[in-house]
Structures are given as C-alpha cells and as structure tokens.
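Asks: Dropping a structure here in structure tokens format, bear with me for questions.
The values are calculated or read from the model by the stated rules, or taken from the named source; none is laboratory data. What you are looking at is a predicted structure, and each value in this text was computed from that prediction instead of being measured. So basically every Cβ, Gly included, is an ideal-geometry build from the backbone, and we count neighbours across all protein chains shown.
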Amino acid sequence: MKRLMILTTLLLGISLAVLAVYFINQPVSSLNGTKPDFALSSAALYGKFVQNEDSANKQYLGKIVELSGKVKDYGADENGQMSLILEGDELFGVNCKLNSSGKDVTPKIQKGDQVKVKGVCSGKLMDVILVNCSVEQG
Amino acid sequence: MQNKLFFVSALSLFFLMQGNVNGQSKYYDKNCDVSFYSHTPIEDIEAKNTSAVSVLDVESGALEFAVLIKAFEFQKSLMQEHFNENYMESEKFPKATFKGQVTNISSVKMTTDGNYPIEITGTLTMHGVSKEISTTGTIKVSGGNIGGRSEFLVKPEDFNIAIPSVVKEKIEKELKVTVEANYSAYTN
C-alpha cells in the first residue's frame, strides 16, 4: 500500500513537471480559429488611432482584431517576413505583419484586393501595426 | 506630387510630435528591425520587432527611432506575455523612443559607397524612464541606398524594470539590442 502511494505521488509529480515544461515552452500560437475581440474595417481602426491614440490604445492594444480592407501595398522585409498594408488614409494605413503562413497566401494577393486579416493590435507609429497576422479571406 | 508633399508633411509632423528633427536631407524607414538577445546557461531569450520607424538627417546627423513594445515577437508565448505584462508594462508604456545624434555624420560620404563607422549619442526612453546612451554603429552606403546598424547594451534596472529573483538567473544583466534600418530618401 505504501509502495503504491509512493509510486502514485512520483507519477503525479512527473506528470506535473512535464505539463509545466510543456506550458512554459508553448510557442506563440497562430490565431487560426481564434475568435476576434473586435471586427471592423482597416480604415475605421486607423481612424480611431488618428482621432484619439490614447483611447484607441486602451481599447485595442494587445487585442485580436479582424480587419476588412483594401490592400494598399504588400511585400517582404529583408528577413522574408511578409506584410500587407491595408487602407487607412491617403498616406498611411494598417501594417499587418503576417505569420509564417504569409508566404503561402501573399502570392495570390494583389494591390486593390479586398481582404480579411486577423492579428494582434500593437499600436500606432506612422501605420497602425498588427502582428502575428493571418489572412482569413483573400 | 501633392501626395508626396503631404507625405513629407505628415512624416515631419509625426516626428515633431515625438520630438524634433531639423533640417533637410532626411531619410526614413518605417520597417526597421529592432531585436534584443539575452544568453544565460539556463536559457536564451530573443525577441524581434520589424516595424520600428526611424528618421535620419544626413546633414545634421539627427537620428530618431520609435518602436511599439507590443510588436516584439518571441518564440515562446509565455515569454512574450511576461515581457509585456510584468516587465515592460506595455499597456502603460506602449512605445520606446530614441532621439539623438550621429556625432560624426560629416565623416560619412553619402555619395560614395562604403561602410562608415559612426558614433551615436542620445536619449533612450522606455518604460517611462529616459536615459542618455552612447554607442557606435555603421552606416552602409551602397548604390544610393543608405543602411544603418548599431548594437548596444541595456540594463533593465536602469529603466526601472524589475526582474523577479526567481527568474534572475535566466536573464542577462545587460541585454544586447540590435537596430537595423534601410533608409529611403525623401526631400522637402
């Protein structure tokens, strides 16, 4: 009986340790299948940041946002990370930094296409920035 | 043309709001890479941000950067969460900025290809704390393109970033920050 208890405790301890290591090392996950906190147009999100950045930060910072909008521009940076710029105003817009799935999607996208993109809102510099983005609908 | 003028005005306004960049001959990059790295025997920590904004005035040497803290991406989800919530408090302090000067900009020949060593001084502001820093870097002129690169060390404690004792062994006392920009010219 005592042996059984020791064995059970040991197994429980090992299981908890494995779970803890698994949890600590979880990679940043793709947002595929995750329900967005907000869904709006890219121009509307950009407009909110232009109108009142502090208030937009409070509402959207770190939140999952699904944007619909026209592609103003797209391209890859020096590291091969793809990004889509969705319409905002005449000059700037929403810079959506695509996750690793971006390479498969972007060859099909052209300027002027209407797309749906989901990502995490990081705030605004010139453009509003979304990271870990996936294209929901090309 | 009208669009271009408006763009230049908006860009200048953006940096005037952040601080001040004087003069002509400004170059900008709105997709700069900023990364930081920490190595300890227990764990390596690396985060990348590819959406920082920078303006370099090649005449006066004025140099500015702005970066969104929430746009740093980590390999591990829990690291990213701790970085934002516990250390950088990114909802309270969403941006970090650098405003400074390339002090030897006159030694960089913008019309001659080459790698030019540069010296930089200025104010780094993050987590609500501003601190003067000095570092070195390189400006690469190649076929009319201008690139910049610099590395410097940052001590979290200098910016009131408290690292709990339980994870102190996992994080270096000074983190290596690397900044890379590929500038495009605009004129006003």
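Asks: Of A:Ser30, A:Ser68, which residue is assigned to a loop (DSSP other than H, G, I, E, B) and surrounded by 12 or more Cβ atoms within 10 Å (Cβ to Cβ)? Working first, answer last.
Replies: Working: A:Ser68 fails: assigned to a loop (DSSP other than H, G, I, E, B).
When all the criteria are applied, what remains is A:Ser30.
Asks: Also, quick follow-up: Given the options A:Asn79, A:Asn95, name the one that is modelled with pLDDT of 95 or more and either touching a Leu at 6+ places or on another chain (Cβ under 8 Å) or not basic (Lys, Arg) (or both).
Replies: That would be A:Asn95, the only listed residue that is modelled with pLDDT of 95 or more and either touching a Leu at 6+ places or on another chain (Cβ under 8 Å) or not basic (Lys, Arg) (or both).
Asks: Also, I was wondering about something else. Just wondering, is there one or more residues in segment A:11-26 that are out of contact with any His (no Cβ under 6 Å at 6 or more places or on another chain), hydroxyl-bearing (Ser, Thr, Tyr) and modelled with pLDDT of 85 or more?
Replies: no
Asks: To continue, here is another question. For segment B:80-95: of the residues being surrounded by 18 or more Cβ atoms within 10 Å (Cβ to Cβ) and facing chain A (nearest Cβ under 9 Å), which is farthest from A:Ser29 (Cα to Cα)?
Replies: The qualifying residue farthest from A:Ser29 (Cα to Cα) is B:Lys95.
The rows are residues; the columns are (1) more than 9 Å from chain A (Cβ to nearest Cβ); (2) touching a helix residue (DSSP H, G or I) at 6+ places or on another chain (Cβ under 9 Å).
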| site | (1), (2) |
| --- | --- |
| B:Lys26 | yes, yes |
| B:Asp29 | yes, no |
| B:Cys32 | yes, no |
| B:Tyr37 | yes, no |
| B:Asp44 | yes, no |
| B:Val55 | yes, yes |
| B:Glu59 | yes, yes |
| B:Gln75 | no, no |
| B:Ile105 | yes, no |
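Asks: Can you pull out the residues in segment A:99-132 that are in a strand (DSSP E or B) and more than 11 Å from every other protein chain (Cβ to nearest Cβ)?
Replies: A:Gln114, A:Val115, A:Lys116, A:Val117, A:Lys118
Asks: Can you find a residue that is more than 8 Å from chain B (Cβ to nearest Cβ), in contact with a strand residue (DSSP E or B) (Cβ under 6 Å, 6 or more places away or on another chain), touching a residue at least 60 places away in the same chain (Cβ under 8 Å) and surrounded by fewer than 20 Cβ atoms within 10 Å (Cβ to Cβ) anywhere in segment A:73-89?
Replies: No; the residues of segment A:73-89 include none that is more than 8 Å from chain B (Cβ to nearest Cβ), in contact with a strand residue (DSSP E or B) (Cβ under 6 Å, 6 or more places away or on another chain), touching a residue at least 60 places away in the same chain (Cβ under 8 Å) and surrounded by fewer than 20 Cβ atoms within 10 Å (Cβ to Cβ).
Asks: Sort out which residues of segment B:168-188 are farther than 16 Å from B:Phe98 by Cα, within 14 Å of chain A (Cβ to nearest Cβ) and touching an Asp or Glu at 6+ places or on another chain (Cβ under 9 Å), and write them in order of number.
Replies: Answer for segment B:168-188, where residues must be farther than 16 Å from B:Phe98 by Cα, within 14 Å of chain A (Cβ to nearest Cβ) and touching an Asp or Glu at 6+ places or on another chain (Cβ under 9 Å): B:Lys170, B:Asn182, B:Tyr183, B:Ser184.
Asks: I need the strands (runs of 3 or more DSSP E) fully contained in segment B:73-180, keeping only those with at least 1 residues that are among the aromatic types (Phe, Trp, Tyr).
Replies: Of the strands (runs of 3 or more DSSP E) lying wholly inside segment B:73-180, those with at least 1 residues that are among the aromatic types (Phe, Trp, Tyr) span B:95-102, B:114-126, B:145-154.
Asks: Next up: Would segment B:41-52 turn up any residue that is surrounded by fewer than 17 Cβ atoms within 10 Å (Cβ to Cβ), touching a Ser or Thr at 6+ places or on another chain (Cβ under 6 Å) and on the phi < 0 side of the Ramachandran plot?
Replies: no
Asks: Further question on the same structure: Hey, can you tell me all the residues within segment B:101-136 that are of a type in the set (Gly, Ala, Ser) and either at negative phi or touching a residue at least 40 places away in the same chain (Cβ under 8 Å) (or both)?
Replies: Within segment B:101-136, B:Ser106, B:Ser107, B:Gly122, B:Ser130, B:Ser134 meet the criteria.
Asks: Would segment A:45-53 turn up any residue that is more than 12 Å from chain B (Cβ to nearest Cβ), surrounded by 10 or more Cβ atoms within 10 Å (Cβ to Cβ) and not in a helix (DSSP H, G or I)?
Replies: Within segment A:45-53 (the criterion being more than 12 Å from chain B (Cβ to nearest Cβ), surrounded by 10 or more Cβ atoms within 10 Å (Cβ to Cβ) and not in a helix (DSSP H, G or I)), the answer is yes, since at least one residue qualifies.
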